[in-house]
Amino acid sequence: MDDRPRYMISIAAELVGMHPQTLRIYEQKGLVRPKRTPGNTRLYSERDLERLREIQHLTADLGLNLAGVERVLRLEDELQRMRAHLDRMEREMRAAISQVHKTYKRELVVYRPAQPPERRSH
């Protein structure tokens, strides 16, 4: 998802079908964090717009209040961080296993069962 800030608040609000004041409220509550220009203008990225659409879905379609939305978004963010951590650990584990396979020698020993003693006939 594109994280580059590019849309001013009026454009972002229009793209997601919300009032600009709603976006300000969501920012004030920490639900969305648009970037700021040196002149303090809010700039929203595609990722921000997707998050706003998710907030809209949670409130309008599922009936959550903003406290519920905040909780859901926090849990989703935590899950995403944990998945990234798990993916990183898996890559490191696979690299370590690969390194172990490269460093040890596999010695093959041919197994020959012992021959039973020959029977002597008398």
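What whole-number value in Å² describes the accessible area per residue of the chain for a 1.4 Å probe? All intermediate terms of the calculation are to be shown ahead of the outcome.
On the way: 10120 Å² over 122 residues.
Using a 1.4 Å probe on heavy atoms only, each residue of the chain averages 83 Å².
Taking every DSSP helix (H) stretch of at least 4 residues in the chain, weighting each as -39,500 (n - 2.57) and dividing the sum by the residue count yields a mean residue ellipticity at 222 nm of -18000 deg cm²/dmol.
Placing a pseudo-label 7 Å from each Cα along the Cα-to-Cβ vector at V100 and E76 gives an inter-label distance of 3.9 nm. When a 1.4 Å probe is rolled over the protein heavy atoms, the share of accessible surface on region 6-68 that falls to carbon and sulfur comes to 51 percent. Ordering L52, H101, I9 by the projection of their Cα atoms onto the charge dipole of the chain, which places +1 on the Cβ of Lys and Arg and -1 on the Cβ of Asp and Glu, puts H101 at the extreme positive end.
Once the gyration tensor of the Cα atoms in region 68-107 is diagonalised, the equivalent ellipsoid follows with semi-axes of 39, 5, 4 Å, ordered largest first.
Under the rule that an exposed site lies in a DSSP loop and has at most 11 other Cβ atoms within 10 Å, name the longest stretch of the chain with no chymotrypsin sites (Phe, Trp or Tyr not before Pro) of that kind, not counting the sites themselves.
Details: sites that count: Y104, Y111.
The longest such stretch corresponds to 1-103.
Based on Cα atoms of region 13-96, Rg over Rh with Rh as the Kirkwood radius reads 1.10.
The values are calculated or read from the model by the stated rules, or taken from the named source; none is laboratory data. Nothing here was measured: the structure is a model prediction, and the numbers come from that model. Quick reminder, even Gly has a Cβ in these numbers, built from the backbone with ideal geometry, and neighbours come from all protein chains shown. Ligands, DNA and RNA are excluded from the accessible area calculation, which covers all protein heavy atoms including side chains. Shrake-Rupley method; radii C 1.70, N 1.55, O 1.52, S 1.80 Å.
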